[in-house]
Amino acid sequence: MGGFAPCPPEAVAAAAIICGPVSLTKITDRRGSAVWKAVGPHCGVAIKLGHGADSEGAEITAREAATLDALPDYTVVAGRSGADVWYVTPWLDGPSTWDLFQPVRDGSDVRTAPLAGAVSLCRAVADFHSAGWIHGDLQPAHSIHTATGVRLIDFAWSWRTGTNPWREFNGGITHLVAPELAEWITTGPQPVKPAPAADVYALAGVLWTCTTGQWPLDYDAAGITVKDTSPADLRKAITAGIPLTAARPWPQVQTVLADVLTAPASDRPTAGELAESLMEVAP
Ligand SMILES: Nc1ncnc2c1ncn2[C@@H]1O[C@H](COP(=O)(O)OP(=O)(O)O)[C@@H](O)[C@H]1O
Ligand SMILES: [Mg+2]
């Protein structure tokens with residue numbers, strides 16, 4: 001594709017209505033989805049654009065905008081620019097969970113903030129589940145620890161129980177897909193409906209990844225070279241079972257997480273129960 005997509009003037013105009021005249025900073029542009037931070041005199045917003053030759057990026061961004069619109073804690077303005085879809089939503093200030101765990105990965109003993117952040121993240125996911133939602137793509141960068149609490153982002157694969165599921169769901173980031181979900185995606189039938197338990201697996205996987213700096217599964221031990229393995233084959237291997245990575249830089253927390261990551265879906269704790277278990281860990 002090459003280069004960063006241009007930001008649609010319609011989206012810049014929508015941001016300016018909210019913030020005043022904005023200046024843009026490029027954040028990411030990958031797989032048909034570009035994000036800018038737009039800052040004006042009054043506030044900052046995120047602009048997200050779904051683009052690309054096939055309409056998939058646009059469709060994903062359109063349904064993410066619909067999800068943001070349905071969530072009481074979020075606001076969104078959305079529109080089209082030709083075949084592309086954009087939305088504008090307030091910029092959330094604060095470190096991601098990945099950022100918050102940097103001291104843990106650096107070997108620091110000061111772990112109070114990461115532990116409190118982990119508990120808050122679990123509670124945010126529990127609240128999301130209580131409202132009937134499944135996030136579907138929890139990742140280390142998809143939670144922002146703001147001054148007023150943890151906010152989830154990137155609802156591209158989120159689904160509200162009881163509503164029509166997305167036509168096809170591929171499980172979010174493959175490294176954090178729960179084994180039972182990997183199996184369902186492999187064997188069908190579509191549409192796959194992710195369960196809260198799959199989010200809890202991904203949640204534990206996020207915290208494991210933020211702690212160790214590595215995805216939770218020991219692909220080397222299973223003889224898998226990730227870069228030579230398709231997501232479909234990776235999901236088959238995840239279904240068959242891959243051991244957890246060996247490093248234990250934070251054993252008290254990782255023992256709790258390992259129990260979640262190795263439990264069958266029916267025995268997995270809820271996100272709220274995971275918060276409780278983490279609260280019992282001394283920082
Ligand atoms: N509302 C927001 N507030 C703060 N940062 C955001 C916001 N939306 C997106 N970002 C930043 O942009 C990055 C990419 O956004 P994301 O929605 O995950 O897009 P992608 O489709 O590329 O995964 C996030 O990891 C985060 O750093
Ligand atoms: Mg994302």
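Assorted remarks:
- Taking other C-beta atoms within 10 angstrom as a stand-in for reagent exposure, Asp54, Asp73 fall in the order Asp54, Asp73, fewest first.
- Förster-model FRET efficiency, 35 Å R0, Lys193 and Ser108, C-beta, rounded to 0.05: 0.30
- Tail fraction, Cα-Cα pairs, the chain, threshold 28 Å, whole percent: 39
- Those residues of the stretch 163-177 whose amide nitrogen sits under 20 Å from the label point placed on Glu59, 7 Å along Cα→Cβ: 163-174
- Helix 56-70 vs. the chain, principal-axis angle (Cα, 0 to 90°, nearest 10): 90
- Shape descriptor for the stretch 161-238: Rg over Rh equals 0.99 (Cα atoms; Rh from the Kirkwood inverse mean 1/r).
- Its DSSP H runs of at least 4 residues, each contributing -39,500 (n - 2.57), put the calculated 222 nm mean residue ellipticity of the chain at -12000 deg cm²/dmol, to the nearest 500.
- Arranged from fewest to most other beta-carbon atoms within 10 Å of their beta carbon, His175, His142, His135, His42 become His42, His175, His142, His135.
- Between Ala141 and Arg30, the simple label model (points 7 Å from Cα in the Cβ direction) yields a spacing of 0.5 nm.
- Residue among Val200, Val253, Val226 with the largest mean-square fluctuation in a Gaussian network model of the chain, springs linking Cα atoms under 10 Å: Val226
- Zone of Ala265's modelled label, taken as backbone nitrogen in the stretch 151-177 under 20 Å from a point 7 Å along Cα→Cβ: 156-177
- The calculated FRET efficiency for Asp220 paired with Phe4, based on their beta-carbon distance and R0 = 30 Å, is about 0.30.
- Spacing of the two label points (7 Å from each Cα toward its C-beta) at Lys227 and Ala240, in nm: 2.3
- Residues of the stretch 91-108 with amide N under 15 Å of a point placed 7 Å along Cα→Cβ from Ala116: 95, 100-101
- Environment charge at Val226 (Cβ cut-off 14 Å; Lys +1, Arg +1, Asp -1, Glu -1): -1
Here, each number is a calculation from the coordinates, and none is a lab measurement. Since this is a predicted model, take the numbers as computed values, not measurements. We place every Cβ from the backbone using ideal geometry, glycine too, and count neighbours over all the protein chains shown.
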